[in-house]
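Undergrad: Dumping the structure here so I can ask a few things about it.
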Amino acid sequence: QKEVEQDPGPLSVPEGAIVSLNCTYSNSAFQYFMWYRQYSRKGPELLMYTYSSGNKEDGRFTAQVDKSSKYISLFIRDSQPSDSATYLCAMSDNYGQNFVFGPGTRLSVLP
Amino acid sequence: DVKVTQSSRYLVKRTGEKVFLECVQDMDHENMFWYRQDPGLGLRLIYFSYDVKMKEKGDIPEGYSVSREKKERFSLILESASTNQTSMYLCASSPPGTGAFYGYTFGSGTRLTVV
């Protein structure tokens, strides 16, 4: 079993849809959870960051962490064509020594 | 507003060549990383460095080496390129200590093809 698994996609949705992107993980030591967005031919950029369980909202984006289920999600409301990208989850333990990325989900938002 | 710069966007090299991939960051970050990114496998850590002259192996260091002579520059070296090293290579940097928790800053990547 991989340490971090992510819905492989690709995922295509119409403009305005609510998008749910998900990751599961196996290491209970993970405390820090991040979502990166990667546009084509670019490096990943940090989108959102959360610590431990709970929700965090930033505009149209909401990150959710359920440590009891070892499950994290990124929700995108009112999705736009400019949201079309690959989304990677990432997580780390308290010491930052074990920093792991998920394989990514490619999202296309169709106008 | 360029913060992490990788010297080449695309490279084509022959099997057996020695290949240098250069990365420079202008954020005065202590930590620098080299990843490769392959479809279905995601980002895999090759080497990282927490300080000048310091290097640590990541998850897949075989066939690679690194050099960090200056704080801002971290070079990845393919000693003898092979076709299975065809990949997208991404350099990243982060502040020291808990800075890693706030995310890495990535370069735009170098797509290397070994023929």
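Undergrad: Looking at region A:84-111 only, could you name the residues that are part of a loop (DSSP other than H, G, I, E, B), surrounded by fewer than 16 Cβ atoms within 10 Å (Cβ to Cβ) and modelled with pLDDT of 90 or more?
TA: Selection gives A:Pro111 alone.
Undergrad: Give the number of residues within region A:12-29 that are within 28 Å of A:Leu110 (Cβ to Cβ) and either at pLDDT below 95 or small (Gly, Ala, Ser) (or both).
TA: Number satisfying all stated conditions: 4.
Undergrad: Filter region B:17-31 for residues that are out of contact with any Cys (no Cβ under 7 Å at 6 or more places or on another chain) and not polar (S, T, N, Q) and give the result.
TA: B:Glu17, B:Lys18, B:Val19, B:Phe20, B:Leu21, B:Glu22, B:Val24, B:Asp26, B:Met27, B:Asp28, B:His29, B:Glu30
Undergrad: Another question, then. May I ask you to say which residue of B:Gly103, B:Gly63, B:Gly58, B:Gly109 is farther than 22 Å from A:Gln6 by Cβ and of a type outside the set (Phe, Trp, Tyr)?
TA: Of the residues listed, the single one that is farther than 22 Å from A:Gln6 by Cβ and of a type outside the set (Phe, Trp, Tyr) is B:Gly63.
Undergrad: Next up: Please count how many residues of region B:2-50 are part of a loop (DSSP other than H, G, I, E, B) and within 9 Å of another protein chain (Cβ to nearest Cβ).
TA: Number of matching residues: 4.
Undergrad: Where residues in region A:1-18 are in contact with a Phe, Trp or Tyr (Cβ under 7 Å, 6 or more places away or on another chain) and within 18 Å of A:Asp66 (Cβ to Cβ), which of them is farthest from the other protein chains (Cβ to nearest Cβ)?
TA: A:Glu3
Undergrad: Which of the residues belonging to region B:13-61 are within 27 Å of B:Val115 (Cα to Cα), acidic (Asp, Glu) and in contact (Cβ under 8 Å) with a residue 60 or more places away in the chain?
TA: B:Glu17
Undergrad: Which one is surrounded by the most Cβ atoms within 10 Å (Cβ to Cβ) among residues in region A:1-56 that are part of a loop (DSSP other than H, G, I, E, B) and of a type in the set (Asp, Glu)?
TA: Filtering first and then ranking leaves A:Asp7.
Undergrad: Would you kindly identify the strands (runs of 3 or more DSSP E) lying entirely within region B:52-94 that contain at least 3 residues that are of a type in the set (A, V, I, L, M, F, W, C) and surrounded by 14 or more Cβ atoms within 10 Å (Cβ to Cβ)?
TA: B:73-78, B:87-94
Undergrad: What tally of residues in region A:42-58 results from selecting those that are at the interface with chain B (Cβ under 7 Å from one of its Cβ atoms) and either more than 15 Å from B:Gly42 (Cα to Cα) or among the aliphatic types (A, V, I, L, M) (or both)?
TA: 2
Undergrad: Taking B:Leu78 as meeting all but one of (1) out of contact with any helix residue (DSSP H, G or I) (no Cβ under 7 Å at 6 or more places or on another chain); (2) over 22 Å from A:Met48 (Cβ atoms), write down the number of the exception.
TA: Condition (1) is where B:Leu78 drops out.
The values are calculated or read from the model by the stated rules, or taken from the named source; none is laboratory data. Since the structure is predicted, the reported quantities are computational estimates derived from the model, not experimental observations. As a convention, Cβ positions derive from the backbone with ideal geometry for all residues, glycine included, and neighbour counts pool all protein chains shown.
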